[in-house]
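The values are calculated or read from the model by the stated rules, or taken from the named source; none is laboratory data. On a predicted model such as this, the values are computed, not experimentally measured, just so you know. Using ideal geometry, Cβ is built from the backbone for each residue, glycine included, and neighbour counts are taken over all protein chains shown. The area values use the complete protein model at the heavy-atom level, side chains included, leaving out ligands, DNA and RNA. Shrake-Rupley method; radii C 1.70, N 1.55, O 1.52, S 1.80 Å.
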Amino acid sequence: MMTNLFSAFDPATSTNLSLNWLSTFIGFLLIPTTYWMIPSRYNSLFKTIHLKLHLEFKTLLGPGGTGFSIMFISLFTFILFNNIMGLLPYVFTSSSHLTYTITLALPMWLSIMIFGWVNHTQHMLAHLIPEGSPAILMPFMACIETISNIIRPGALAVRLTANMIAGHLLMSLLGDSILNTPNYMIPLIMIFQLVLVLFETAVSFIQAYVFSVLSTLYTSEVAYEFT
């Protein structure tokens, strides 16, 4: 029985050593095997997904940012793996913590901004004011664009964290309620839990895709515009 509703997301297993974050890096141990094992349906499926993503990211990035697609495909795979791992029993959901999501979003956004402002300062300043804006509104438009640009990494991080927490909280509540539920209600709760697991699996794919696509769009504003 949980003492606190959010204790399911507590990253510390003890006061001395926390091993929960190791689940984030299990994928690095499994990936090398795909280079020497006989190709399977699993490998074929991921190669097909990666090819589709490469074609889409290449279109979004334009001719100047084609090489970035490999980085965003890797980002998609890494987030997806950790989202799926969180659905397994007794496995820590690292993608439900801002520590994980902001670490992915902030360095990427900072590198894009530093590259743009250092190498193309004039274009970045011009990008703050949308084309056709009235002269009297230009200061306000520049402030709004600056704020919207600054909150991008936070929006990316919070979106992924909130979506992963929401479903897991509902599953935890249902799991706890089984202890005090009449026997005739248990099959219904189990069916609902199974539906939730399938729903959360879809959410895991969608959130990994949304994070990588938005990251691609933010990069395309620099990579495409300045080539």
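Pick from 179, 106: which is at pLDDT 90 or above, closer than 23 Å to residue 86 by Cα, out of contact with any Gly (no Cβ under 6 Å at 6 or more places or on another chain) and in a helix (DSSP H, G or I)?
When all the criteria are applied, what remains is 106.
When segment 78-93 is examined, which residues are found to be in a helix (DSSP H, G or I) and surrounded by fewer than 23 Cβ atoms within 10 Å (Cβ to Cβ)?
Within segment 78-93, the first condition is being in a helix (DSSP H, G or I), and the residues that meet it are 78-85.
Within segment 78-93, 78, 80, 81, 84, 85 qualify.
Across segment 156-175, what is the number of residues that are over 25 Å from residue 109 (Cα atoms) and open to solvent by 80 Å² or more (accessible area, probe 1.4 Å)? Spell out the reasoning first.
Filtering segment 156-175 down to residues over 25 Å from residue 109 (Cα atoms) leaves 166-175.
From what is left, the residues that are open to solvent by 80 Å² or more (accessible area, probe 1.4 Å) are 173.
Number satisfying all stated conditions: 1.
Here is a check on your reading of the model: is residue 153 in contact (Cβ under 8 Å) with a residue 40 or more places away in the chain and either crowded, with 20+ Cβ neighbours inside 10 Å or not in a helix (DSSP H, G or I) (or both)?
So residue 153 fits the description; yes.
Any residue in segment 70-85 that is free of Cβ contacts under 8 Å to residues at least 60 places away in the same chain sitting within a Cβ distance under 9 Å of a residue that is among the hydroxyl-bearing types (Ser, Thr, Tyr) and not in a helix (DSSP H, G or I)? List the pairs, counting only those 6 or more apart or interchain.
Pairs found: 82/93.
Each row is one residue, and each column tells you yes or no for (1) among the hydroxyl-bearing types (Ser, Thr, Tyr); (2) outside any helix (DSSP H, G or I).
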residue: 131; (1), (2): no, yes
residue: 137; (1), (2): no, no
residue: 141; (1), (2): no, no
residue: 163; (1), (2): no, no
residue: 168; (1), (2): no, no
residue: 172; (1), (2): yes, no
residue: 197; (1), (2): no, no
residue: 215; (1), (2): yes, no
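Given the condition modelled with pLDDT under 75, surrounded by 14 or more Cβ atoms within 10 Å (Cβ to Cβ) and touching a Leu at 6+ places or on another chain (Cβ under 9 Å), answer yes or no: does some residue in segment 6-21 qualify?
yes
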